[in-house]
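Shown next, in structure tokens, is the structure this report addresses.
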């Protein structure tokens, strides 16, 4: 395969099973609760177990791809997530269901890291942000929406167990597709495909890279605040504006589907208009501004704010996720999966801590204070990106295509 856009199409298709098998369990919750007699808390643990597997596996997933190659990483990720989805559908007990969701999360982390690395191998120095926007923004949102909304129809037609098994079938189809059409990058095949790059030098390049740590923290506020808004903005609208539940749910959907547009806009702004850092800052500032405005908005205003938050986070994410693969990162292509694993591990702190902090502030001081808190932390963290300066292009073999 010689055309990089054809290669991106293969990566795109193989990637879709990851968010699908992440979110397809949500429409199954009703049937799971009924069959297994679960409490609301136990349902929350099902959702949290995927996140736990996904979070703890980010850096080990990168090490796997460095050691065995991104081809093995991508295939392994699809296999593990497919097995997890199949176990989730088959599970005769709650404990085995949790094991299935944990495997899904681990497989998703490996798939994510390898997909980012493969995209960098094909697009380094050539519209990398645009390519990442298509995969991480458009592809992720479409597949996640299919899981959240479309899979409800599958659950109604076949039952929750069969619906999850059908999701596993999508994983099998993705695996066969990947085995048949894996896109080996030109001039970087040895570095990306064969592996054997995990050593002390690679760890030093990654964990000693100042940009990765700073940019991980820089997105932390926007990332965590996005999840608070996604979960609570609709409920806030119902309580503050006394709108119908359907109107509150629509606000959440607007925020979620903004990711499709954010992926395209983020890639275009980064590659063709502003560059990486200005695009990141503008998007984070736009998201933060919405949090300051939310207490003063009516229903239409909240819908607009939801759209800006949804688009803004993904616009910021696109140049952010592209950083390890850029020529000025000081990293080899084989370092990219572990590097993005490090950044995702850092930013996950925001996803874990900011939503509960938001609810605590809202309980003690009111929603207005909670939204302002999110505006402050989003902008304050983003400003740290100003202290991240690209390194000079490294010696041959580090920054360019591997060889």
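Between residue 201 and residue 241, residue separation times 0.36 nm minus the direct Cα-Cα distance comes to 8.8 nm. You can think of it this way: the chain between residue 296 and residue 126 has 56.9 nm of extra reach, that is 0.36 nm per residue less the Cα-Cα gap. Sorting 122, 5, 90, 320 by the number of Cβ atoms found within 10 Å of their own Cβ, with the fewest placed first, yields 5, 90, 122, 320.
Annotation for residue 360 and residue 210: the two label points, set 7 Å from Cα along the Cα-Cβ direction, are 3.2 nm apart.
For the chain, rounded, prolate or oblate, judged on the Cα gyration tensor with a ≥ b ≥ c (square roots of eigenvalues), a/c < 1.5 rounded, else prolate if a/b > b/c?
Taking the square roots of the gyration eigenvalues as a ≥ b ≥ c, the chain is oblate.
Each of 54, 226, 94 has some number of other Cβ atoms within 10 Å of its Cβ, and from fewest to most they run 94, 54, 226. Computed extension gain for residue 13 through residue 94, at 0.36 nm per residue and net of the alpha carbon distance, reaches 26.0 nm.
Take the Cα of residue 36, step 7 Å toward its Cβ, do the same at residue 179, and the gap between the two points is 3.0 nm. Pairs of Cα atoms nearer than 8 Å and 6+ residues apart set the relative contact order; for segment 206-387 it is 42 percent. Once C-alpha pairs closer than 8 Å and six or more residues apart are averaged by separation and normalised to the residue number of segment 4-198, the relative contact order reads 39 percent. The relative contact order of the chain comes to 25 percent, based on Cα pairs under 8 Å that sit 6 or more residues apart. Could you work out how far apart the two model spin labels at residue 273 and residue 352 are, taking each label as a point 7 Å from the Cα in the direction of the beta carbon, and quote it in nm? My value for the distance between the label points is 3.5 nm.
Where a number appears in this text, it was derived from the coordinates with a stated rule and is not lab data. Bear in mind that the values here come from a model prediction, so they are computed numbers and not experimental data. Cβ coordinates were reconstructed from backbone atoms using ideal geometry, including for glycine residues, and neighbour counts include every protein chain displayed.
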